[in-house]
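Some notes on the structure that comes next.
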Amino acid sequence: MRTYLFLLAAAALLNASDPRAKVTDYPAHAESTGVAIGAEYLVHSYGDGHQMLTAPDFLVVDTAVYPKGAPVTIHESDFLLRITPQKGDPFLVQAQAPQFVGLGGAFQGLGAGGATQPRAPGDPGVHQPPIPQGTPNAAGEIEPESPSQVAVRTALPEGETRSGQAGFLFFPYSGKTKKLKGIDLIYKSAGGEVVVKLF
């Protein structure tokens, strides 16, 4: 199961910031009158197509918003995760703004700055060093982005949109993911509520 989730995550990270052609291209999706939501649960993984990173203190959901007719205004505060543990009652966690997520070293790179190591059979990221992103330093060398900068750049964009938008949502959670019975992504807006069952 863990290998399967990792391979799904690796595939999803190839174009994480670009919405897929249609909402049904996401493994989990639901819609209301004015909007359709597509989502893929990536456990702790996120990335920019050049490197895969982990956020061990957060659950990460690759999320796409598709307006149906009128424009939609996206705020990360419109998204909640309903987490159902194997024992105990379900509880809600609100998406956290990505600029605050990396505080305290919560984000970690996997193979940042060099070739990645295989984590599962057929790992597509093996021996592919990340392409540096960022701005030149005084010596003219490109300074790689920090994991927090990648999180901000690849997060679900906020603001009004008439077309599909996609990116990562980060939900604080430091418990054991093996002990979860189910997770639902909840989108609440003026147009109503959409519940996407992730598993």
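The values are calculated or read from the model by the stated rules, or taken from the named source; none is laboratory data. This one's a predicted model, so the numbers in the text were calculated from it and none came from an experiment. As a convention, Cβ positions derive from the backbone with ideal geometry for all residues, glycine included, and neighbour counts pool all protein chains shown.
One residue is enough: does the stretch 16-38 have a residue meeting the conditions closer than 15 Å to LEU169 by Cβ, at pLDDT below 90 and out of contact with any Leu (no Cβ under 6 Å at 6 or more places or on another chain)? Within the stretch 16-38, one or more residues are closer than 15 Å to LEU169 by Cβ, at pLDDT below 90 and out of contact with any Leu (no Cβ under 6 Å at 6 or more places or on another chain).
For the stretch 67-83, the set of residues classified as touching a Lys or Arg at 6+ places or on another chain (Cβ under 7 Å) and surrounded by fewer than 16 Cβ atoms within 10 Å (Cβ to Cβ) consists of PRO71 only. Just one of the listed residues (ALA70, ALA139, ALA120) is among the hydrophobic types (A, V, I, L, M, F, W, C), modelled with pLDDT of 85 or more and in a loop (DSSP other than H, G, I, E, B), namely ALA70.
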